[in-house]
Amino acid sequence: MFCKNCGNEIDDNADVCIKCGHAVKPVQENERDYNEPKTEIGVLLGLFLGVIGLVIGLLIYPANTIARKTFIKAWGITFCVSIGVILVIYLIAIIAAVGTMSYY
């Protein structure tokens, strides 16, 4: 068998070319699913828990008090920062996943 990338002759049972490192056999579908990051669940969980925290905070602090207004401001800042961090991590995960893909 010959490598599709460099044309080097390789063993029929080889997974990668020993000369160029190109994958010879396609990755099995179940392996690909296992290796891809599952960040969508993390984003949704972060949003859900943030909203739950807001509801609990609104129930704890009485209406029209400084404590409630301070809580809402602090929650808003924390929630926005955490969503920003989650989105940055998600973007990094996407870039890493795209960078590790091989195209045949």
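The values are calculated or read from the model by the stated rules, or taken from the named source; none is laboratory data. As the structure is a computational prediction, the values presented were derived from the model and not from experiment. We place every Cβ from the backbone using ideal geometry, glycine too, and count neighbours over all the protein chains shown.
In segment 83-103, is there at least one residue being in contact (Cβ under 8 Å) with a residue 12 or more places away in the chain, in a loop (DSSP other than H, G, I, E, B) and under 26 Å from the mean Cα position of the chain (by Cα)?
yes
Kindly establish whether Leu47 is of a type in the set (A, V, I, L, M, F, W, C), assigned to a helix (DSSP H, G or I) and at pLDDT below 75. So that I can check it myself, show each step before the final result.
On the way: of a type in the set (A, V, I, L, M, F, W, C): yes; assigned to a helix (DSSP H, G or I): yes; at pLDDT below 75: yes.
Yes; evaluated as a whole, the condition is true for this residue.
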